[in-house]
Amino acid sequence: MLTFPFSMRITDELANLLRTALAEAERSGQLPSAGAVQPTIERPQHPEHGDYSSSVALRLARTLRMAPMAIAERIAAAVPAHDAVAGVSVALPGFINFVLADDWLARQVDAIRTQGSTYGNVEIGGRKRIQVEFVSVNPTGDLHVGHARGAVIGSGLATLLDAAGFGVQREYYVNDGGNQMRTFVDTVYARYMQAAGHDVPLPELAYQGEGPQRLAEEILREDSGRLVPLPRDEAARQLLPVVLRKVLASIRADLEQLGVRYDNWFSEQGLLVDGTFDEAMRLLGERGYLVDREGARWFTSTRLGEDKDNVVVRSGGGGPTYFGTDIAYHYDKFIRRKFERVINVWGADHHGHVARMKAVVEALGVDPDRLTIILNQIVSFKQGALAVRFSKRKGQIVTVRELVDVVGPDACRYIFLSRSPDSQMEFDLELATKQSLDNPVFYVQYAHARIASVLRMAEERAVTWDDGDTSLLRHPLEMGLVRHILVLPDVVKLAAERLEPHHIPRYAEELARAFTHFYDARDECRILSSDPADLPVSKARLKLVDSARVALARCLSLMGMTAPDRM
RNA sequence: GCGCCCGUAGCUCAGCGGAUAGAGCACUGGUCUUCGGAACCAGGGGUCGCGAGUUCGAAUCUCGCCGGGCGCGCCA
């Protein structure tokens, strides 16, 4: 009898069984040699096809020149006994189906509870250093509502990669070195002087809205007009760090409200002052990817198959372009800080930047596959059937802060996380704020609160269940719940491998449903019974719902949501 | 014009080349006296945008077309 440590995913165990079976069938001459094969394990959609299945026989049919069913039968016959597996069968057109053993399933309940908040972790990252950079909006005002999606996807992805065993760093790239920042500071300066009673005109292309003005008035109040007598350039120079500090503090506070935190805030300006920019340019030059033309310096992307070259240093002493400093930034990520992988989460409007950025990384001598750029499509908002157009004047939601105030961080995160970044999603404000089970956010959290409530009630009735015997669990609803709980590690693995956090909320909903089905079978599977004879099975069921609590809480924490004990 | 993303049930969305394409909402009908009814069960509803191709097998891969979004700056 083969056994594996409980921390191993059941799908890996089944794949191993198939590998063993395949090797054995080849050794005994039942099957011709197939070479190296990685049997895949799927979860069938229909329960009559078992708990897990494999199409390995279908895939082998061609190379082995045999009928798929014959291959499946010979593999299935050679599958070694395993205490997790109650049955192996074959089905047309050539599937091998596995049914898990109830007693083995029941034993997993204690194993899951032992793992607690680490349940669902998988080891696919090997502690590899990976950076997730996201949001990175110019520090020129509040985060717009459109930035919330990238913030949630980026932070969700980072948490997921953590759980998958990567060494993750969350980073915000602060664009404090470019024209936009300068224009913003100039705008604040003009507003500052105006507030101090001086008729200083706004710069060309000044930032509109009341943001710069409010900021200017605040700074004026705090520094009592210290900058008024200074020459314009000097005043702007001194104003920049003050503006930056205030705007970043506001952005940071808004993101924290949304459950988003960073390990590092990285300054673009720093790349210029500490020589990183020059170093990156030197390397690119040495490798022959820079050319001076029309007074500017260009990166010759065309050498790497791009449509056109791109300016990295402007003509007329204009300094580096955004693209130029981004080269230095990626030089820093890969060559200075030696991240093995870098993930950038960008809005879809940065699409045009992707190909040349990959080209740059390649030009720096780094495998471009180490850079992944996730583009999230734009979000539109609606209120029930009505489209919402954002307009400050109408007093509608415009900033991330306002969105979080109205919808709440949990619902906000869940909704953004449950859609693939590729979808041009619609965010229904009405549904998101609905306090009912129409709202999947509440359905999942409600299941957790219900479990907490049952456990509280057990405590009130002085039922101790640490000694519960899970082998008493055998009802189909009990087994069904364990089956669902056991899927979490595979979901984490899949989501992390594919960098797709949206599988987590889908699974969480499925798990919540499995719990609710079990819970709702009041007659057949009552957890707390008034009949003393039911005490042993009550204790076993308390352990079962506690393991469901562990898995639900883990899902919620992976999504950066709270796991409420009461609602 | 070129490039990328999207098109799946009335709506919002899942779907790793595999079995009868799924979930929630909405709709229709039904269930339950104790653990949280903010519940549960059942049912109807699909040319997977259209057309070819590859494959034992295509919503999934390839090509073409249609529709929507985004991009193609010495902006970021």
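The values are calculated or read from the model by the stated rules, or taken from the named source; none is laboratory data. Everything numeric here is computed off the predicted structure, so don't read it as measured data. Because the Cβ atoms are built from the backbone with ideal geometry, glycine has one as well, and the counts that use them run over all protein chains shown. Calculation scope for accessible area: heavy atoms of the full protein, side chains included, ligands and nucleic acids excluded. Shrake-Rupley method; radii C 1.70, N 1.55, O 1.52, S 1.80 Å.
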Open item on the list: Restricting to region A:358-385, count the residues that are touching a strand residue (DSSP E or B) at 6+ places or on another chain (Cβ under 8 Å) and among the acidic types (Asp, Glu).
Closed with: 0
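This table checks each residue for (1) within 25 Å of residue A:108 (Cα to Cα); (2) of a type in the set (Asp, Glu); (3) modelled with pLDDT of 85 or more.
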{"position": "A:416", "(1), (2), (3)": "no, no, yes"}
{"position": "A:425", "(1), (2), (3)": "no, no, yes"}
{"position": "A:430", "(1), (2), (3)": "no, yes, no"}
{"position": "A:438", "(1), (2), (3)": "no, yes, no"}
{"position": "A:441", "(1), (2), (3)": "no, no, yes"}
{"position": "A:459", "(1), (2), (3)": "yes, yes, yes"}
{"position": "A:462", "(1), (2), (3)": "no, no, yes"}
{"position": "A:468", "(1), (2), (3)": "yes, no, yes"}
{"position": "A:471", "(1), (2), (3)": "yes, no, yes"}
Task: Given (1) in a strand (DSSP E or B); (2) in contact (Cβ under 8 Å) with a residue 24 or more places away in the chain, index of the condition residue A:387 fails - done: (2)
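Starting from residues that are in a helix (DSSP H, G or I) and polar (S, T, N, Q), keep the ones in region A:240-278 and report whichever is least open to solvent (accessible area, probe 1.4 Å).
Per the stated criteria, the residue is A:276.
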Task: Residues (in contact with a strand residue (DSSP E or B) (Cβ under 8 Å, 6 or more places away or on another chain) and either in a helix (DSSP H, G or I) or of a type in the set (Asp, Glu) (or both)) located in region A:423-435 - done: A:426, A:428, A:429, A:430
TODO: Taking only region A:417-433 into account, find how many residues are more than 21 Å from the chain's Cα centre (by Cα) and either of a type in the set (S, T, N, Q) or farther than 28 Å from residue A:347 by Cβ (or both).
DONE: 1
Open item on the list: Suppose we filter A:237, A:214, A:191 for residues that are over 34 Å from the mean Cα position of the chain (by Cα), crowded, with 21+ Cβ neighbours inside 10 Å, of a type outside the set (Asp, Glu) and part of a helix (DSSP H, G or I); which single one remains?
Closed with: A:191
Open item on the list: Of the conditions (1) open to solvent by 60 Å² or more (accessible area, probe 1.4 Å); (2) under 30 Å from the mean Cα position of the chain (by Cα), residue A:482 satisfies every one except a single condition; which number is it?
Closed with: (1)
TODO: Taking the options A:70, A:78, name whichever one is more than 15 Å from RNA strand B (Cβ to nearest atom) and not assigned by TED's automatic domain parsing to the domain that holds residue A:470.
DONE: A:78
TODO: Tell me which of these residue A:422 doesn't satisfy, since it passes every other one: (1) touching a Phe, Trp or Tyr at 6+ places or on another chain (Cβ under 6 Å); (2) open to solvent by 20 Å² or more (accessible area, probe 1.4 Å).
DONE: (1)
Open item on the list: Quick check on my filter: what residues within region A:169-188 are aromatic (Phe, Trp, Tyr) and part of a helix (DSSP H, G or I)?
Closed with: A:184
